[in-house]
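Report on the structure given below.
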Amino acid sequence: MSATENLGPAGTGAATAPIPQVLREPPESRSAVGGAKKVVWIALLAGLSILFLYPFAWLVSAAFKPQSDVFDNRLIPSTFSWNFDEVFAAAPVFSWLLNSLWIGALAALGVTLSSALVAFAFAYFRFPGRNFLFAVLLATMMLPPQVTLIPTYLIWNELGKFTTEHAWLPHVGVNTQYPLWVPNFFGSAFYIFLQRQFFLGIPRELFEAARMDGDSYFSMFRRIALPLAKPALIVTFIFEIQAKWFDLMAPLIYLRDQALFTLPLGIKTILDRFGTGGGGEGEWQIIVAATLILTLPMVVIFAIFQRYFIEGIATQGRKG
């Protein structure tokens with residue numbers, strides 16, 4: 001080593017400190033750690049998947065077992081039994097299924113479109129008090145549904161009396177299916193908030209250019225806002241049709257005629273009739289088969305629309 005290499009910065013002959021070498025983890029070690037983490041995550045996800053899927057797998061298996069084998073916990077029945085004939089023979093399940101389908105579809109369509117209109121107004125228009133009104137709207141989400149249950153029932157009861165007294169009007173009110181889907185056409189605070197976030201993400205320049213081309217507000221809503229917010233609309237539709245499909249409280253309060261029952265209320269009557277708690281003989285094979293009929297349509301709907309569902313949730317998460 002030459003003398004000049006040991007000189008300090010000022011050439012005074014002071015030795016410089018050796019430059020430390022950065023300790024780096026070997027690539028083989030990093031890949032081993034990454035592989036171990038991946039194995040742990042895969043094992044955790046597999047375990048959670050089994051944990052969540054087991055009840056549904058048990059339900060499917062129990063629906064094809066005879067009465068004596070329903071609770072034997074074997075996922076593959078030792079004896080197969082087609083219990084669905086007993087279900088359809090015991091009650092008008094097909095009629096209940098159709099009622100749930102058209103009520104759920106009407107309610108989901110109504111709340112999707114009405115909420116989209118209000119959400120577009122809050123996202124596009126600038127007017128005094130807009131933030132205050134939106135805060136009031138969100139504040140209604142803090143009210144438990146039990147708070148408005150009795151007043152809403154009294155309103156529908158009075159509407160039923162009024163339409164009964166005037167025969168030229170269609171009968172609405174208690175013991176009709178109108179209370180199950182008509183309120184959805186007045187929007188929902190949660191869905192308005194969800195869709196407003198999507199509309200805010202649309203560049204405002206698109207709407208301004210459309211206005212310069214002579215588009216009306218409804219035209220902009222139909223031609224620009226709705227197509228670009230399709231993931232939010234589909235998420236709203238799926239959420240609401242699922243909520244209506246499994247809703248028991250509203251049909252239990254408003255419906256009296258068995259022909260008007262939805263599927264959840266019909267399943268309750270089957271449980272009361274065949275379950276031991278309702279005085280039945282414990283024919284659980286009929287109950288689990290009816291429960292499977294209630295569950296399968298939602299599984300099919302999610303399988304069809306899961307791409308839009310996941311896209312909508314991911315987009316909402318990125319927007320915070």
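Would you indicate which of (1) 14.4; (2) 15.9; (3) 34.0 is the value of mean projected area of the Cα convex hull in nm² derived from the coordinates of this structure?
The listed entry that was calculated here is (3).
Using the Cβ atoms and a cut-off under 15 Å, what net charge is assigned to the surroundings of Ala225, where Lys and Arg are +1 and Asp and Glu are -1?
Every neighbour counted, the sum reads +3.
Starting with the fewest neighbours, write out His171, His166 ranked by other beta-carbon atoms found within 10 Å of each beta-carbon. Write out the running numbers ahead of the final one.
Numbers: His171 14, His166 8.
Arranged by neighbour count, lowest to highest, His171, His166 become His166, His171.
For the chain, what does -39500 (n - 2.57) per DSSP helix run (n ≥ 4), summed and divided by total residues, give at 222 nm, in deg cm²/dmol to the nearest 500?
Values: 13 runs with 205 residues, N = 320.
The per-residue figure over the chain is -21000 deg cm²/dmol.
What are the lysines whose alpha-carbon lies under 30 Å from the alpha-carbon of Lys65, with same-chain residues fewer than 8 places away excluded?
Correct list for Lys65: Lys244, Lys268.
Counting alpha carbon pairs within less than 8 Å and at least 6 residues apart, what relative contact order, in whole percent, applies to the stretch 84-319?
Numbers: 244 pairs, mean separation 72.5, N = 236.
The value is 31 percent.
Treat every Asp and Glu Cβ in the stretch 84-319 as -1 and every Lys and Arg Cβ as +1, leave all other atoms uncharged, and give the resulting dipole magnitude about the Cα centre to the nearest 20 debye.
980 debye
Using a 10 Å cut-off around each Cβ, can you sort Thr112, Thr295, Thr176 from fewest to most neighbouring Cβ atoms?
Neighbour counts put them in this order, fewest first: Thr295, Thr176, Thr112.
Every number here is computed from the coordinates shown, using simple stated rules; none is lab data. Everything numeric in this text was worked out from a predicted model, so none of it was measured. Heads up, the Cβs are rebuilt from the backbone with ideal geometry, glycines too, and the neighbour counts pull from every protein chain shown.
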